[in-house]
Every structure is written in C-alpha cells, then in structure tokens.
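One structure is given here, and the rest of the page talks about it.
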Amino acid sequence: KIGYAGGFNPDNVAGKLEYLLKNVKKGTFWIDMESGVRTDDWFDTSKVRRVLAICKEVIRDLGMEE
C-alpha cells in the first residue's frame with residue numbers, strides 16, 4: 001500500500017485529495033495527517049470528523065463512490 005503525507009489538515013484536504021485522486025494514484029491509498037488533526041497538541045476528533053466529511057464529499061463529487 002502507498003500513503004501520502006505532508007501538511008494535510010481540514011483546511012486543505014479537499015484540494016490535496018482531489019489532486020491525488022485525479023493525478024497520482026488510482027486505487028487504495030492512505031493519507032497521514034495526525035499533526036493536522038490536533039488542537040493544542042491533542043488529537044481532535046471534531047477535526048477528524050470534519051476531514052472525513054470533506055473526503056466523502058470530494059469522492060462523491062468526483063463520482064468515485066463505490
């Protein structure tokens with residue numbers, strides 16, 4: 001499996017994910033953003049939920065739902 005990291009956070013995940021899905025990798029991959037979903041150095045589940053909702057929307061908008 002392959003993964004991508006580097007500055008992913010709730011504010012930019014839509015654009016980065018769209019780029020990956022259109023240009024880089026078709027199939028299964030993961031994105032690493034642990035530091036991008038922290039608040040005051042604590043894992044922030046509200047940010048995680050936001051990221052998941054954004055990713056779902058990007059995948060739907062690109063017609064890639066399974």
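The values are calculated or read from the model by the stated rules, or taken from the named source; none is laboratory data. The model shown is predicted, which means the values in this text are computed figures rather than measured ones. Cβ sites come from the backbone with ideal geometry, for glycine too, and all protein chains shown count toward neighbours. Areas reflect the complete protein model, heavy atoms only, side chains present, ligands, DNA and RNA absent. Shrake-Rupley method; radii C 1.70, N 1.55, O 1.52, S 1.80 Å.
If I filter segment 18-25 for residues that are open to solvent by 90 Å² or more (accessible area, probe 1.4 Å) and more than 18 Å from Arg60 (Cα to Cα), do I get at least one hit?
First, pick out the residues of segment 18-25 that are open to solvent by 90 Å² or more (accessible area, probe 1.4 Å): 19, 22-23.
Among the residues that remain, those that are also more than 18 Å from Arg60 (Cα to Cα) are: none.
No, that holds for no residue.
Which residue pairs have Cβ atoms closer than 7 Å, lie 6 or more positions apart in sequence or on different chains, and pair a first residue in segment 7-32 that is of a type in the set (Lys, Arg) with a second residue that is surrounded by 11 or more Cβ atoms within 10 Å (Cβ to Cβ) and modelled with pLDDT of 95 or more?
Within 7 Å, the pairs are Lys16/Phe8.
Given the structure, is Asp40 open to solvent by 50 Å² or more (accessible area, probe 1.4 Å), without any contact (Cβ under 8 Å) to a residue 24 or more places away in the chain and within 14 Å of the chain's Cα centre (by Cα)?
No; evaluated as a whole, the condition is false for this residue.
Please go through segment 43-60 and pick out each residue that is of a type in the set (Asp, Glu) and either without any contact (Cβ under 8 Å) to a residue 40 or more places away in the chain or within 21 Å of Lys1 (Cβ to Cβ) (or both).
Asp44
Scan (1) open to solvent by 40 Å² or more (accessible area, probe 1.4 Å); (2) within 9 Å of the chain's Cα centre (by Cα) for the single condition Thr45 breaks and write down its number.
The failed condition is (2).
Among the residues of segment 18-53, what is the count of those that are among the acidic types (Asp, Glu) and part of a helix (DSSP H, G or I)?
The qualifying residues number 2.
Go over the candidates Met33, Met64 one by one and state the one that is open to solvent by less than 50 Å² (accessible area, probe 1.4 Å) and not charged (D, E, K, R).
Details: Met64 fails: open to solvent by less than 50 Å² (accessible area, probe 1.4 Å).
After ruling out the rest, the residue left standing is Met33.
Counting only residues that are charged (D, E, K, R) and part of a loop (DSSP other than H, G, I, E, B), which one in segment 1-17 is nearest to Leu52 (Cα to Cα)?
Here is the first cut: in segment 1-17, the residues charged (D, E, K, R) are 1, 11, 16.
With part of a loop (DSSP other than H, G, I, E, B) added as a condition, the list becomes 1, 11.
Values: Lys1: 20, Asp11: 12 Å.
Per the stated criteria, the residue is Asp11.
Among the residues in segment 5-17, are any open to solvent by less than 100 Å² (accessible area, probe 1.4 Å) and among the charged types (D, E, K, R)?
So far as segment 5-17 goes, yes, one or more of its residues are open to solvent by less than 100 Å² (accessible area, probe 1.4 Å) and among the charged types (D, E, K, R).
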